Amino acid sequence: MAIQEAKPTASQQSGRTILLGRNVGQTLLRQGSAFLGLMVLVAIATVLSPSFRNPINLLNVLLQVSMNAFVAMGMTFVIISGGIDLSVGSIVALTAEIMALLALAGMSWWLAAAIALAMGFALGALNGLVIHRLKVIPFIVTLATMQVYRGVALLVTNGNYLYNLPPGIEPLGQGHVFGVIPVPPLIVLGIAFVAWFILARTKLGRNVYAIGGNEEAARLAGINIGLNKIIIYAISGLFCAIAGVVQTSRLMSTYTGLGTGWELDAIAATVMGGTAFSGGEGGVIGTLIGAVILGVIRNILTLINANPFIQIIVIGLVVLFAVVIDKIRQRVSVQA
Amino acid sequence: MPNDHLLAMRSITKHFPGVRALDQVDFDLRQGEVHVLVGENGAGKSTLIKILSGAYRMDAGTILIDDKPVSIGKPSDAADLGIFTIYQEIMLVPPLTVAENIFLGELQTRAGAVNWKEVHRQSRELLDKLGAAQISVNARLKDLGVAQQQLVAIARALRRQTRILIMDEPTSSLTPSEIGQLFDTIRSLKTHGVAVIYISHRLEEIKQIGDRITVMRDGRVIGTVPAREATTPTIIRMMVGRDVLVEPRACRTQPGEPVLRVEHFSVPGQLHDISLQVHRGEVVGVAGLIGAGRTELARALYGADQGGRGVIYVDGRPVRIRSPYDAIAAGLALVPEDRKVQGIVGVLSVQVNLMLAYGNRHYRGLIDFETDRRITREQIEKLSIRTPTAAKRLLELSGGNQQKVVLARWLCMTLKVLILDEVTRGIDVGAKAEIYKFIDELACAGYGILMISSELPEILTLSDRVLVMHQGRLSGEFSRQDATQERIMLKAIGGDN
């Protein structure tokens, strides 16, 4: 994330690069260990199953992690700001369905998709507004809206599958560039760049870190906490809607159960990527690595024909392991 | 000396990094007496009682109880010796009932089951002994008033065969009638042979309840006097009579136009009808005891807390301040009281912390890293902030350097009024002197400065004018010439003259 170009200055700013809160060494420590973990994992995977490094398989892994990557990048904004968003999966489902319904009703796909994105943004903004206005902790608010949004999703479709969608948007989810590279991972990269840019280079990004690091200090420095929180949760909602749109165009159908449990994968990817749960630290590059780690683990377990129920256990243990490593690392860096 | 000491503390010494909190302190306590401990903030009262109650370990000294040396290494040691402390903040569990709190952690069980009947009966007995018949043992603690909660805490102390009861500012949140009630309770405790160490800086009440008064200052005992012989001026002189160690201000210009004018400013329940002015180039000190409303005033003026009513003028123009952002736009800045909790974002870099307010106000969408670096470099140099790089996480710097970064956050902007709330709290002497120098320079540069401090020498050295607060009101105002520690202290405790 956030590496600002180093310009050696006359004073002793040191030739090191300045980025949000750390120098390069510390950043490598933080996100580098996620990257290192990924490398080790890939090595293990290659040994365990020769078909792992088959390019088709690798591209397939990237395709599979794309949806989680969208959601997890939004989650990263929220967690850096010291919050949590449990309603992500429900926003994915609701926005996907709205888009599908509009398309079924004859609206142009692109307009329907735009409406879905706007709706994701609005649903997230609503989370932020409630959290700020009612001063209720994000966990509880988004736990409630997770139910509410899911309920609305059920209501609008009566719980039915939406399929036989009119053609037109499938290239977004099913297309390939140069005939081999699936489109969704490319969209992930584009969004990741935007997210990185916001966090590293904009005032909004700095506010996200400041609010997560110490909300009261940020407020006393003049930062509008309410507005920023609304935008942060809105970004999370928007990224969920992107996932909803891409997933629908990939399957060319949708259903009310879409996105169930996705909040857990998103949180796992974020935390494994080195974003601190305590707020104020982290970034989206780490989160992408975290999402890929999850994808690779699932892929290996599938390739070696592991019992699918064991997959769930393994994923849980890996997340726990990552958090413990993070704790140890924090203790070391505080002592240093 | 008659050998009737229940407790004797001899040559107690305690160091904290950079501070000698207690220096060869002697203190004793007789059976059934109320021994009052007074002193300014930071005089060492709290450290002394924390050693006695096992919260801190002393570096040197002896503690005798019944003339036998005892060792108090942890809170449970103190409890075993019958020493019990009632803190300002009552350390009980609000959602539990009165009886559950009285027996907190020590419920007697038979075969794993609590004998509630017995617990309730004993609780009732204890409360009745304290004259608290009106408190139901089944009431939830959180539904009681502060005074009643305090009685529950005392009942809990009594149940544990307390011989020495330490009370730290017990009246700070009580009404006059509740104070009377508390004093009745203390008197009845005395007749039961309990000795009380009573910490307070409300001089008017310590003569009512105390038998002896010991004054502490700068970690030393200045003297012990019988309460009936003590006069308020004597005690005040003992409390504040130290040399002023601070360099006088180099630059004192004639103050200019009022840059901040506050008229009839109130916050319901906290501040009452406060009117004040700060002129361009003037340092106005705000003295008062803890709880006098100084921090509340600073925060309400700055828009950090809601509910302020009254008119605020900056440069003669009325301004409407409803948030810190409004305050900054109007030209106000606040260096808050608690650096760690309100001032710094510890996990972020020196640069980000320094540029937080400037960037929020002046950057549109993108961070201008060129400006970021330039201003940071300038401020690091100007305030001699000691950091290896601007990318260092702020929590890794010393307290003094952290505070300089908070100051620099405002100095890099064009503002008019600086509100400083205990700006040198917890900062070593060297950094303190540097900060004093900046305050001086800022005043010369035309800032109006409202400086809240609990250190009178600081107030006296830096201020052109001193305001004193007492119970949410301005109780006095002195010019630099007229201000003395004794006069300020008298106004701070609500005395006249």
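The values are calculated or read from the model by the stated rules, or taken from the named source; none is laboratory data. Fair warning: this is a prediction, and the values are worked out from it, not measured in the lab. Cβ: placed from backbone, ideal geometry, glycine included. Neighbour counts: every protein chain shown.
The table that follows gives values for the structure above.
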read-out: From B:L418, B:L411, residue being in contact with a strand residue (DSSP E or B) (Cβ under 6 Å, 6 or more places away or on another chain) and away from chain A (no Cβ under 11 Å); value: B:L418
read-out: Qualifying residues in the range B:355-408 (those that are part of a helix (DSSP H, G or I), more than 10 Å from every other protein chain (Cβ to nearest Cβ) and among the basic types (K, R)) - the one nearest to B:G343 (Cα to Cα); value: B:K404
read-out: So A:I140, is it assigned to a loop (DSSP other than H, G, I, E, B), modelled with pLDDT of 95 or more and either exposed (fewer than 15 other Cβ atoms within 10 Å of the Cβ) or within 14 Å of chain B (Cβ to nearest Cβ) (or both); value: no
read-out: Residue in the range B:449-456 that is buried (at least 22 other Cβ atoms within 10 Å of the Cβ), under 24 Å from B:G303 (Cβ atoms), touching a residue at least 12 places away in the same chain (Cβ under 8 Å) and of a type in the set (G, A, S) present; value: yes
read-out: Complete set of residues in the range A:94-112 that are under 24 Å from the mean Cα position of the chain (by Cα) and not aliphatic (A, V, I, L, M); value: A:T95, A:E97, A:W110
read-out: Qualifying residue in the range A:1-12 (condition: modelled with pLDDT of 60 or more, buried (at least 22 other Cβ atoms within 10 Å of the Cβ), hydrophobic (A, V, I, L, M, F, W, C) and within 30 Å of A:G89 (Cβ to Cβ)); value: no
read-out: Complete set of residues in the range B:306-349 that are within 11 Å of chain A (Cβ to nearest Cβ), part of a loop (DSSP other than H, G, I, E, B) and more than 23 Å from B:G281 (Cα to Cα); value: B:S323, B:D338, B:I344, B:V345, B:G346, B:V347, B:L348
read-out: Pairs, first closer than 16 Å to A:G286 by Cβ in the range A:185-214, second hydroxyl-bearing (S, T, Y) and at pLDDT 95 or above, C-beta under 7 Å, six or more apart; value: A:V188/A:S66; A:V208/A:S81; A:G212/A:S81
read-out: Every residue from the range B:370-418 that is buried (at least 16 other Cβ atoms within 10 Å of the Cβ) and of a type in the set (V, I, T); value: B:I375, B:T376, B:I380, B:I385, B:T387, B:T389, B:V405, B:V406, B:V417
read-out: Elements of type helices (runs of 4 or more DSSP H) in the range A:156-242, at least 1 residues being within 9 Å of chain B (Cβ to nearest Cβ) and closer than 27 Å to A:G273 by Cα; value: A:183-201, A:203-213, A:215-220
read-out: Filter result for A:L186 (within 19 Å of A:F139 (Cβ to Cβ) and surrounded by fewer than 24 Cβ atoms within 10 Å (Cβ to Cβ)); value: no
read-out: Test: residue in the range B:290-304 that is surrounded by fewer than 23 Cβ atoms within 10 Å (Cβ to Cβ), within 14 Å of another protein chain (Cβ to nearest Cβ) and part of a loop (DSSP other than H, G, I, E, B); value: yes
read-out: Exclusive hit being charged (D, E, K, R) and crowded, with 16+ Cβ neighbours inside 10 Å, set B:E169, B:E204; value: B:E169
read-out: For A:T95: the one exception among (1) under 18 Å from A:P171 (Cα atoms); (2) surrounded by 23 or more Cβ atoms within 10 Å (Cβ to Cβ); (3) polar (S, T, N, Q); value: (1)
read-out: Some residue of the range A:309-322 being crowded, with 17+ Cβ neighbours inside 10 Å, modelled with pLDDT of 90 or more and either over 23 Å from B:G346 (Cβ atoms) or of a type in the set (D, E, K, R) (or both); value: no
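So that you can scan it fast, the table gives a plain yes or no per residue for (1) among the basic types (K, R); (2) buried (at least 17 other Cβ atoms within 10 Å of the Cβ); (3) closer than 24 Å to B:V93 by Cβ; (4) in contact with a Pro (Cβ under 7 Å, 6 or more places away or on another chain):
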{"site": "B:A155", "(1), (2), (3), (4)": "no, yes, yes, no"}
{"site": "B:S177", "(1), (2), (3), (4)": "no, no, no, no"}
{"site": "B:G193", "(1), (2), (3), (4)": "no, no, no, no"}
{"site": "B:V196", "(1), (2), (3), (4)": "no, yes, no, no"}
